[in-house]
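Peer 1: To start, I am sharing the structure in question, which I have written as structure tokens.
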Amino acid sequence: MKRLVVLAALVASSTSMFAIVPSAYAVCDGCVVSAVNNMNANVSAQIQGTTQAVIAAQTAIVTALGQSTAQLSGYETRTARSQQRVEDAAQQIETMRQRDLARAKAEGGRYDPAASACTDLSGIIQFGGGGGGSQGVGGNDLVNSSRNWSRGNGPAGLPVTQGGLAVAQVIVADREELQGLGGYLDPTTDLRLMLEGQTLDTTDEKVAKASARLVNNVVDPTPARPLTDGEKRTPQGKAQLAARQIDEARRSAAHSVFSYLGDLAAPTGSSGLVDWAKRAAPASYSNTIGDAVSNQQVIDIFVQSRFANPDWHQQLATMAPEAVSREIALTNALNLHVNWMMFQLMKREAAVSATHLATELDNRDTSGTAITTRFESAAAQ
């Protein structure tokens, strides 16, 4: 019995012991879970705190960089402005220095020009700036009219077409009509009309007519009557055409000279050139300045306003060296232009000399090209 009781007690105690062990295990599992949860919470909190710290650090770094960039940009701006102020100050100082130098030179008389410097400059601009071609009747116009007269072309050559008496009548009529023009008893036979006057105002119809008649009277006063179409087909007519071609070629040498002389004396330029001429001409200038001036009158005024002008010599004595140099440069430029004009005239004179030599040789050698320009009909022969 006792054994049963002890056995029962052992059984009971083992049962109770086995009952207690699972409960202890359950308590330990809860602790572990709680600890793990606590650890996770702590880790999450630490991660979140670290992340926020990193973000805050990034924000602080970006803010610091932005402030540094702004400071650097401001520094560069201030540096550029400072440099600009330095350059502006240097330029202002240099400007003031140059101004002082110029003032000193001006007070010393270095920039004092000749009294006529501005006037001369305006004349050069008007004269050399292409103020326009010849006004009225120029040299080429005179030559074209003369060649039409010689050939019997147009209104100018009508008297030649009509025959010998008509030619004589128109020459005499022009002489009577134009008598006394320009102060010449007979301008149609007086070359002074084209050579002495500094400007030949061919805008005046009578002056142009007198000039044309003068050229005709010198170069070809009594041209031969033009050949008819029937005469041109005959052997003698063909010979006449050849002879007249030779004659016209040689007369063209004289025409070239009159063309050049006519262009020199013809009015040219604009009204500004006339205004310049009236201002630039000295008080002692003897030639008339009308409503137009020619190339040769412009040159004449340049010359007369200097060597022939007593005032210019006095001005030259008081000029600064630079002003004298300008006068010399202007004179040299004028000489260059005049030399070129002389060269153009020399070419024409050479052509005239060659033509004259050829004509003399023909006159000496009767078997040469000297053919009469008069046409004689077969009946007259």
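Peer 1: Test of understanding: among Ala370, Ala354, Ala323, which residue is surrounded by 10 or more Cβ atoms within 10 Å (Cβ to Cβ), over 29 Å from Gly197 (Cβ atoms) and at pLDDT 90 or above?
Peer 2: Checking each option against the conditions leaves just Ala354.
Peer 1: Which residues, counting only those in region 160-194, are surrounded by 13 or more Cβ atoms within 10 Å (Cβ to Cβ), of a type in the set (A, V, I, L, M, F, W, C) and assigned to a helix (DSSP H, G or I)?
Peer 2: The answer is Val160, Ala166, Val167, Ala168, Val170, Ile171, Leu181, Leu193, Met194.
Peer 1: Do you know which of the residues in region 195-223 that are outside any loop (DSSP other than H, G, I, E, B) and either of a type in the set (Val, Ile, Thr) or touching a Pro at 6+ places or on another chain (Cβ under 6 Å) (or both) is surrounded by the fewest Cβ atoms within 10 Å (Cβ to Cβ)?
Peer 2: Only one residue tops the list, namely Val218.
Peer 1: For the list (1) over 25 Å from Asp201 (Cβ atoms); (2) without any contact (Cβ under 8 Å) to a residue 24 or more places away in the chain, I need the number of the one condition that Asp311 fails.
Peer 2: (2)
Table: residues versus (1) touching a Cys at 6+ places or on another chain (Cβ under 8 Å); (2) over 19 Å from Asn332 (Cβ atoms); (3) without any contact (Cβ under 8 Å) to a residue 40 or more places away in the chain.
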site: Trp276; (1), (2), (3): no, yes, no
site: Ala283; (1), (2), (3): no, yes, yes
site: Ser286; (1), (2), (3): no, yes, yes
site: Gly290; (1), (2), (3): no, yes, no
site: Gln296; (1), (2), (3): no, yes, no
site: Gln304; (1), (2), (3): no, no, yes
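Peer 1: Could I ask something else about it? So Phe343 passes all but one of these: (1) farther than 27 Å from Asp247 by Cα; (2) exposed (fewer than 11 other Cβ atoms within 10 Å of the Cβ). Which condition number does it fail?
Peer 2: With respect to (1) farther than 27 Å from Asp247 by Cα; (2) exposed (fewer than 11 other Cβ atoms within 10 Å of the Cβ), Phe343 is out only on (1).
Peer 1: Can you pull out every residue in region 284-302 that is modelled with pLDDT of 85 or more and out of contact with any Leu (no Cβ under 8 Å at 6 or more places or on another chain)? Break it down into steps so the answer makes sense when it comes.
Peer 2: As a first pass, look at region 284-302 and keep what is modelled with pLDDT of 85 or more: 285-302.
Scanning region 284-302 gives Tyr285, Ser286, Asn287, Thr288, Ile289, Gly290, Asp291, Ala292, Gln297, Asp300, Ile301.
Peer 1: Regarding Ala254, is this residue surrounded by 19 or more Cβ atoms within 10 Å (Cβ to Cβ) and within 37 Å of the chain's Cα centre (by Cα)? Steps first, please.
Peer 2: On the way: surrounded by 19 or more Cβ atoms within 10 Å (Cβ to Cβ): yes; within 37 Å of the chain's Cα centre (by Cα): yes.
It is true that Ala254 is surrounded by 19 or more Cβ atoms within 10 Å (Cβ to Cβ) and within 37 Å of the chain's Cα centre (by Cα).
Peer 1: Among (1) farther than 30 Å from Tyr285 by Cβ; (2) out of contact with any Gly (no Cβ under 7 Å at 6 or more places or on another chain), there is one condition Arg225 misses while meeting the rest; what is its number?
Peer 2: (2)
Peer 1: Let me ask something else about it. Keeping to region 196-242, report how many residues are within 52 Å of the chain's Cα centre (by Cα) and without any contact (Cβ under 8 Å) to a residue 24 or more places away in the chain.
Peer 2: 3
Peer 1: Between Asn295, Asn309, which is surrounded by fewer than 20 Cβ atoms within 10 Å (Cβ to Cβ) and not aliphatic (A, V, I, L, M)? Steps first, please.
Peer 2: Numbers: Asn295 fails: surrounded by fewer than 20 Cβ atoms within 10 Å (Cβ to Cβ).
So the residue among Asn295, Asn309 that is surrounded by fewer than 20 Cβ atoms within 10 Å (Cβ to Cβ) and not aliphatic (A, V, I, L, M) is Asn309.
Peer 1: If we scan region 224-240, do we find a residue that is small (Gly, Ala, Ser), in a loop (DSSP other than H, G, I, E, B) and either at pLDDT below 95 or touching a strand residue (DSSP E or B) at 6+ places or on another chain (Cβ under 7 Å) (or both)?
Peer 2: yes
The values are calculated or read from the model by the stated rules, or taken from the named source; none is laboratory data. Predicted, not measured: the structure shown is a model, and the values here were computed from it. Here the Cβ is made from the backbone with ideal geometry for all residues, glycine too, and neighbour counts use every protein chain on show.
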